[in-house]
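The values are calculated or read from the model by the stated rules, or taken from the named source; none is laboratory data. Keep in mind the model is a prediction, meaning the values are calculated, not measured. Every residue, glycine among them, receives a Cβ derived from its backbone with ideal geometry; neighbour counts consider all protein chains shown.
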Amino acid sequence: MASSATSRLMNYPITLILICLIAIAGLASGGQYLYFRGDYKTFFREDNPQRAAFEEMQDIFNKTESVNLLVVPESGNVFNADTLNLIQALTERAWQTPYSIRVNSVTNFQHTYSEGDDLIVDKLYPDWQSLSEELIKNIEAVALTEPDVVNRLVSPDSQVAVISITVRMSDGDQTKEVAEVAGFVKALAEDVTTTHPDHKIYLTGVVMLNDAFQLAANDDASTLVPAMFIIIIVMIGVLLRSFWAALATLLIVGATIAATMGFAGWAGYFLSVSTVNVPTMVMTLAVADCVHIIASWFQQMREGLSKQDALTRAVNLNRMPVIITSVTTSIGFLTLNFSDVPILADLGNLTAIGVMLACLLALTLLPAILSLMPVTPPAKATSRLSSSLTSLGDWVITYYRRILPYSAIVFVTALILASTNQLNDIAIKYFSQDNTFRQAADYQSAHLSGLATIDFAIYTDEMSGINDPEVLTSVAAFTEWLRVQPEVDHVSSIADTYKKLNKNMNFDNPDYYRLPMDPELAAQYLLLFEMSLPYGLDLNNQIDMDKAATRISVTLDNLGSKELTAFEQRAYRFFNKLSPDLRVTAASPALMFAHIGETNMQSMLKGSLLALVLISFLLIFALKSLKLGLISLVPNLLPAGLGFGIWAMISGEINMALSVVLSMTLGIIVDDTVHYLSKYKAAREQGKTAKEANQYAFKTIGQALVVTTSVLAIGFGVLSLSSFALNSDMGLLTAIILVSALVIDLLFLPAFLLWLDKPTDTAETATE
């Protein structure tokens, strides 16, 4: 029935092509609704507990999304008239930044001191036009002793000054706002470097991190997709030696991508640093289906069948393997829905859709196109590759007893190495070292402080509860504990403000640099200070409006996810022991990334297990053999172990993107195994021995396995060229696993079949 249906379709190729084109055009039109989001929040679900804690703080206190301008004079000291004048001018201009609500720098820092009974609150840098050496020295002395300045606005060695711009952007899609803010500060920095060539400007902060995400995605979209198209053209042309076959493949690939991305638009998906790679992945996977059909078609024509009969037979022979492998690949990608990262789940869903569309088009549109093309089967290059594979098959059959123990040694070694990989995410390291943001972040980390921050919010749940001496004592004790931790670069705490005000209101007597023990007096001090602060420099970044909660901001080294979460838990344990009656929460973008890296690995292990179970049932069904279905599991599990073992030697660190590779590749590497075993099974059913069946499989499917795996490995290898580590690492490890799978299918699988299937082969046994 299937054969006759295929034949009928081949009789009306033009009609079939028109139907497909109309359907593809309808789907592709949804592409107009696609838009791009590059903010870091796309990595987190709305119900993510760390995101919820962070947004609670953002609602209670001032926003913390910011841009940092690092001013670095060639003189090596910011405390000179020229640099201070520049910082003052930049501070004023920084207020023009779109969505800005606060600007902090050493020149507008609100210095407090007493004059008699009066509290004086004034800029540390009162008159930027008349700087004397004495005034500069005074500014430096105060700046380097103020906890809110040193290591925050000025480096301890005075080599770097920071202008921190806090912005208030929307809670949802921030793409437009990020572009506006980043564009403004970049123009500002460029202007400074032009007018003050003896000063360098580095840009860091959460907003610039979001901008870096957007630029990385745009760069990948503009370079990797075209590169993949070129690679496919070259590889298909070289390996299949057929212009028309390559053209037909490219048409299917193009149609699949257009339909997939159009579907994404209709379904309400958006493009992100992850989903911009969908075209590259779909392109790569779509080629495999086409190659299997085309290679089989060429083989049938070489055996004497007419072009049309060969095409019909090729489709019939590959229909079930193509469907099964497409389904298993889709299952692998669909398990990315177990990921705690929404954009990785989107990547899985869209790629799965693309794979199934590629399957449909390969079985319908591709034969229709090929039937109208003047294609003839190449001979020279193909026979060379085929003969090489035949020789390899003979060698494996001859030495399979030696291959198995050596393979076991390799696999055990790889698994041991794989177990040494450590889960570790450092958001800054997502970007290559030649990335402008990465360079700025590294400079800040080396000369001032890391970009990793954690905000601790302490809730009293009482109006003016922060003024309670017991609460203040706990806040101060926690602040001092944080400062002495080896990971901490800077701590900003309201406790320091209370101590400073108490000293000021006692005639600047240093003995009074301590907490006021009278709650009413503490409240009065704070009120007097707040009333003296200029616009935009209030205390809402540290205390809520009701004075019921306070936020302690901690800047740390650029720690890995394990170190960051370990620090968080250590801080929780200390504070809960110190003040068990107070509620404390920790939150920050860095902490969000740290947690999701760990939880994502656990989630994806569940996804991989489910994928394994589903794929196993499908293989048993497809091969119609419980024995072969179970046998197939071995070569499908080993590549991941081998790949992660190799990765341990390359890097040894697993980030959130690599945590999805296991389930993703599980569905892909099954393809080669299914195609090989289907040919092996067909030969066995024809009465061939295990040796002959392996020889037949090498002859009929070997070339297609090499071609498809080469395309897949190079396709995912293209992703390794990405400047964004989450994409490049995922691409490289996937390529390693795919190549490992090919080696296993061509060396270990035949040897394994000879060993396992031999007891039922009496004829072979007799000849041994």
Fill in the blank from the handout: The condition from (1) outside any helix (DSSP H, G or I); (2) in the same structural domain as VAL707 (by TED's automatic domain parsing) that PRO580 misses is numbered (2)
Exercise for the section: Mind listing whichever residues of the range 286-301 are within 20 Å of LEU224 (Cα to Cα) and either touching an Asp or Glu at 6+ places or on another chain (Cβ under 7 Å) or at pLDDT below 85 (or both)? Expected result: VAL287, ALA288
Completion exercise
Quick count over the range 540-557, residues being assigned to a loop (DSSP other than H, G, I, E, B) and within 30 Å of the chain's Cα centre (by Cα), is 1
Handout entry: Single residue of the range 583-630 satisfying the filter (among the β-branched types (Val, Ile, Thr) and surrounded by fewer than 21 Cβ atoms within 10 Å (Cβ to Cβ)) that is farthest from the chain's Cα centre (by Cα)
Key = ILE620
Fill in the blank from the handout: If we keep only residues of the range 427-459 that are part of a strand (DSSP E or B) and among the hydroxyl-bearing types (Ser, Thr, Tyr), then the residue farthest from ILE60 (Cα to Cα) is THR453
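Suppose we keep only residues that are part of a loop (DSSP other than H, G, I, E, B) and closer than 24 Å to GLU568 by Cβ within the range 464-502. Which one would you say is nearest to the chain's Cα centre (by Cα)?
So in the range 464-502, the residues part of a loop (DSSP other than H, G, I, E, B) come out as 464, 468, 484-487, 493.
Retained after the next criterion (residues that are closer than 24 Å to GLU568 by Cβ): 484-487, 493.
Values: VAL484: 33, GLN485: 30, PRO486: 29, GLU487: 25, SER493: 33 Å.
Ranking the qualifying residues of the range 464-502, first place goes to GLU487.
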Handout entry: Qualifying position, being buried (at least 16 other Cβ atoms within 10 Å of the Cβ) and closer than 24 Å to LEU334 by Cβ, among GLY645, GLY667
Key = GLY667
Problem - LEU637 being free of Cβ contacts under 8 Å to residues at least 60 places away in the same chain and within 22 Å of PHE724 (Cβ to Cβ) - result: no
Practice task
Kindly indicate whether any position in the range 342-358 is in contact (Cβ under 8 Å) with a residue 12 or more places away in the chain, of a type in the set (A, V, I, L, M) and in a loop (DSSP other than H, G, I, E, B).
Solution key: no
Fill in the blank from the handout: Across (1) under 26 Å from CYS20 (Cβ atoms); (2) surrounded by 18 or more Cβ atoms within 10 Å (Cβ to Cβ), GLY393 clears everything bar (1)
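Kindly indicate whether LEU733 is assigned by TED's automatic domain parsing to the domain that holds LEU285, closer than 19 Å to ILE397 by Cα and touching a residue at least 12 places away in the same chain (Cβ under 8 Å). Reasoning before the result, please.
Values: assigned by TED's automatic domain parsing to the domain that holds LEU285: yes; closer than 19 Å to ILE397 by Cα: no; touching a residue at least 12 places away in the same chain (Cβ under 8 Å): yes.
So LEU733 does not fit the description; no.
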Practice task
Answer yes or no: is there a residue in the range 83-105 that is part of a strand (DSSP E or B) and closer than 30 Å to PRO510 by Cα.
Solution key: yes
Fill in the blank from the handout: Residues in the range 511-532 that are more than 19 Å from SER464 (Cβ to Cβ) and modelled with pLDDT of 90 or more total 4
Practice task
Determine whether ILE324 is surrounded by fewer than 24 Cβ atoms within 10 Å (Cβ to Cβ) and β-branched (Val, Ile, Thr).
Solution key: yes
Handout entry: Evaluation of LEU203 against (1) closer than 17 Å to ARG438 by Cβ; (2) of a type in the set (A, V, I, L, M); (3) in a helix (DSSP H, G or I) (one fails), failing number
Key = (3)
Exercise for the section: Given the conditions (1) under 14 Å from ASN68 (Cβ atoms); (2) surrounded by fewer than 22 Cβ atoms within 10 Å (Cβ to Cβ), report the number of the one that THR195 does not fulfil. Expected result: (1)
Practice task
Hey, can you tell me all the residues within the range 155-173 that are hydroxyl-bearing (Ser, Thr, Tyr), on the phi < 0 side of the Ramachandran plot, touching a residue at least 12 places away in the same chain (Cβ under 8 Å) and part of a loop (DSSP other than H, G, I, E, B)?
Solution key: SER155
Completion exercise
All conditions in (1) surrounded by 13 or more Cβ atoms within 10 Å (Cβ to Cβ); (2) not in a loop (DSSP other than H, G, I, E, B) are true of LYS137 except (1)
Exercise for the section: Tell me, yes or no, whether the range 486-503 has at least one residue that is touching a helix residue (DSSP H, G or I) at 6+ places or on another chain (Cβ under 6 Å), more than 27 Å from VAL67 (Cα to Cα) and without any contact (Cβ under 8 Å) to a residue 24 or more places away in the chain. Expected result: yes
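Name the residues in the range 401-454 that are acidic (Asp, Glu) and in contact with a helix residue (DSSP H, G or I) (Cβ under 6 Å, 6 or more places away or on another chain), would you? Walk me through how you get there before you give the answer.
At the first step, the residues of the range 401-454 found to be acidic (Asp, Glu) are 425, 434, 442.
Selection gives ASP425 alone.
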Exercise for the section: Return the residue satisfying two criteria in turn: it lies in the range 414-431 and is touching a Phe, Trp or Tyr at 6+ places or on another chain (Cβ under 7 Å) and surrounded by fewer than 22 Cβ atoms within 10 Å (Cβ to Cβ), and of such residues it is modelled with the lowest pLDDT. Expected result: ASN421
Completion exercise
Checked the range 450-466 for anything modelled with pLDDT under 90 and crowded, with 24+ Cβ neighbours inside 10 Å; matches are LEU451, ALA452
Practice task
Inspect the range 318-336 for any residue being among the hydroxyl-bearing types (Ser, Thr, Tyr), in the same structural domain as MET228 (by TED's automatic domain parsing), assigned to a helix (DSSP H, G or I) and closer than 23 Å to VAL375 by Cα and give the result as yes or no.
Solution key: no
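When you go through GLN50, GLN32 one by one, which is the residue that is within 26 Å of ALA212 (Cα to Cα) and either assigned to a loop (DSSP other than H, G, I, E, B) or touching a His at 6+ places or on another chain (Cβ under 6 Å) (or both)? I'd like the intermediate steps shown before the answer.
On the way: GLN32 fails: either assigned to a loop (DSSP other than H, G, I, E, B) or touching a His at 6+ places or on another chain (Cβ under 6 Å) (or both).
One residue alone meets the criteria, GLN50.
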Practice task
State yes or no: is ASP434 closer than 30 Å to ALA161 by Cβ and at pLDDT 90 or above?
Solution key: no
